[in-house]
Amino acid sequence: MAAAMLSSSLFPTTHLNKPLTSQFRPLSFRPSFSRIRASLLQDKEDKVILQDSFPSKTASPFDSATGSNASDDSVSSPSAWEKGVIKVEQSVNIFLTDSVIKILDALYHDRNYARFFVLETIARVPYFAFMSILHMYESFGWWRRADYLKVHFAESWNEMHHLLIMEELGGNAWWFDRFLAQHIAIFYYFMTALMYAISPRMAYHFSECVESHAFETYDKFIKEQGEELKKMPAPEVAVNYYTGDDLYLFDEFQTSRVPNTRRPTIENLYDVFLNIRDDEAEHCKTMRACQTHGNLRSPHSYAEDNDESVCTLEAGCEGIVDCIKKSVTSNPAKVK
């Protein structure tokens with residue numbers, strides 16, 4: 001009896017789990033251990049294409065909407081040394097991501113909602129780390145690119161609602177899952193903050209790898225259990241988030257889209273997971289864009305003004321070494 005009491009206290013069940021598990025048997029799905037290809041997320045049946053190119057400071061999402069193409073000749077090709085550094089950074093990121101995927105596959109091969117809860121707990125962390133470092137740079141006068149802070153906050157807001165959805169579905173029912181996800185998140189925060197301070201490009205690529213895995217996980221899930229999901233109601237938090245009156249932050253994290261062009265319809269649980277998957281694709285696009293320094297602008301800023309001179313006056317730097325170097329050699333208020 002004592003053992004039973006201990007088991008029930010550590011691994012409680014909630015009313016949220018019972019109707020979900022009783023309506024369908026969770027399928028076991030194991031994402032392959034192949035290397036992450038964050039820019040090539042395609043499926044023959046239901047495609048969500050991630051753009052290889054991304055609007056730069058001189059090309060807004062409105063250019064794509066109107067059919068105009070702005071060439072970006074200002075982006076210089078990386079040197080042989082820089083290409084080697086990028087290759088090492090990405091190899092390390094791929095190794096780390098694949099290692100985490102193997103651990104998640106071993107622990108959650110037949111527990112979908114618990115796996116999603118862990119993924120969404122972890123997925124929010126990089127944006128907290130990015131904002132922490134950028135706020136520190138702002139305090140020293142090294143950084144004045146407000147768009148980065150706006151977009152990263154919107155990304156964390158989106159991931160928070162993914163997390164709330166998984167909690168409402170019962171993904172956090174077990175104490176072990178909460179303990180594991182929260183402690184991984186703490187370690188992940190400090191690792192990402194350090195990585196971002198040293199090499200923002202590497203940190204953004206690592207986040208792209210994580211978001212890529214999330215996309216593939218949800219994409220596989222909705223294809224395997226789509227028919228069952230269509231019979232189940234959508235969580236209230238998902239309906240409020242995707243169909244609410246104030247969707248400013250929802251548009252803000254989708255930096256390759258013109259605001260107000262994506263308005264989801266949520267009728268069942270299938271629609272919820274379909275939109276979560278599409279959100280992850282948008283995160284991948286944004287993280288890919290961020291790997292080019294100064295290449296990110298808020299999608300709303302293009303609608304508010306077309307004066308690119310405002311952007312050129314903003315201070316910015318690539319990592320703490322570059323920030324310190326520029327602060328010593330020039331006026332911090334005019335660092336470019």
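The values are calculated or read from the model by the stated rules, or taken from the named source; none is laboratory data. Every value quoted in this text rests on a predicted model; they were computed, and no experiment measured them. Cβ atoms come from the backbone with ideal geometry, glycine included; neighbour counts cover every protein chain shown. Calculation scope for accessible area: heavy atoms of the full protein, side chains included, ligands and nucleic acids excluded. Shrake-Rupley method; radii C 1.70, N 1.55, O 1.52, S 1.80 Å.
Read through the list (1) at pLDDT below 50; (2) assigned to a helix (DSSP H, G or I); (3) among the acidic types (D, E), then give the number of the only condition that D73 fails.
Every condition holds for D73 apart from (2).
Given (1) assigned to a helix (DSSP H, G or I); (2) within 20 Å of the chain's Cα centre (by Cα), identify the lone condition not met by F176.
(2)
Going through region 112-137 one residue at a time, which ones are touching an Asp or Glu at 6+ places or on another chain (Cβ under 8 Å) and charged (D, E, K, R)?
Across region 112-137, the qualifying residues are E120, R124.
Within region 92-120, work out how many residues are hydroxyl-bearing (S, T, Y), farther than 22 Å from E168 by Cβ and without any contact (Cβ under 8 Å) to a residue 12 or more places away in the chain.
Residues that pass the stated criteria total 1.
Name the one entry in S207, S156 that is under 30 Å from I86 (Cβ atoms), without any contact (Cβ under 8 Å) to a residue 40 or more places away in the chain and in a helix (DSSP H, G or I).
Of S207, S156, the one residue that is under 30 Å from I86 (Cβ atoms), without any contact (Cβ under 8 Å) to a residue 40 or more places away in the chain and in a helix (DSSP H, G or I) is S156.
Which condition from (1) open to solvent by less than 50 Å² (accessible area, probe 1.4 Å); (2) farther than 18 Å from S207 by Cβ; (3) in a helix (DSSP H, G or I) is the one that E138 breaks?
All conditions pass for E138, except number (1).
Which residue, of Y196, Y189, Y218, Y248, is closer than 30 Å to E138 by Cα, in contact (Cβ under 8 Å) with a residue 40 or more places away in the chain and buried (at least 21 other Cβ atoms within 10 Å of the Cβ)?
Going through Y196, Y189, Y218, Y248 in turn, just one is closer than 30 Å to E138 by Cα, in contact (Cβ under 8 Å) with a residue 40 or more places away in the chain and buried (at least 21 other Cβ atoms within 10 Å of the Cβ): Y196.
Got at least one residue in region 245-262 being within 15 Å of the chain's Cα centre (by Cα) and among the hydroxyl-bearing types (S, T, Y)?
yes
Which residue pairs have Cβ atoms closer than 8 Å, lie 6 or more positions apart in sequence or on different chains, and pair a first residue in region 72-83 that is of a type in the set (A, V, I, L, M) with a second residue that is at pLDDT 85 or above and open to solvent by less than 70 Å² (accessible area, probe 1.4 Å)?
V75/T292
Determine which member of the set T265, T261, T255 is open to solvent by less than 20 Å² (accessible area, probe 1.4 Å) and either of a type in the set (S, T, N, Q) or not in a helix (DSSP H, G or I) (or both).
Result: T255 is the single residue among T265, T261, T255 that is open to solvent by less than 20 Å² (accessible area, probe 1.4 Å) and either of a type in the set (S, T, N, Q) or not in a helix (DSSP H, G or I) (or both).
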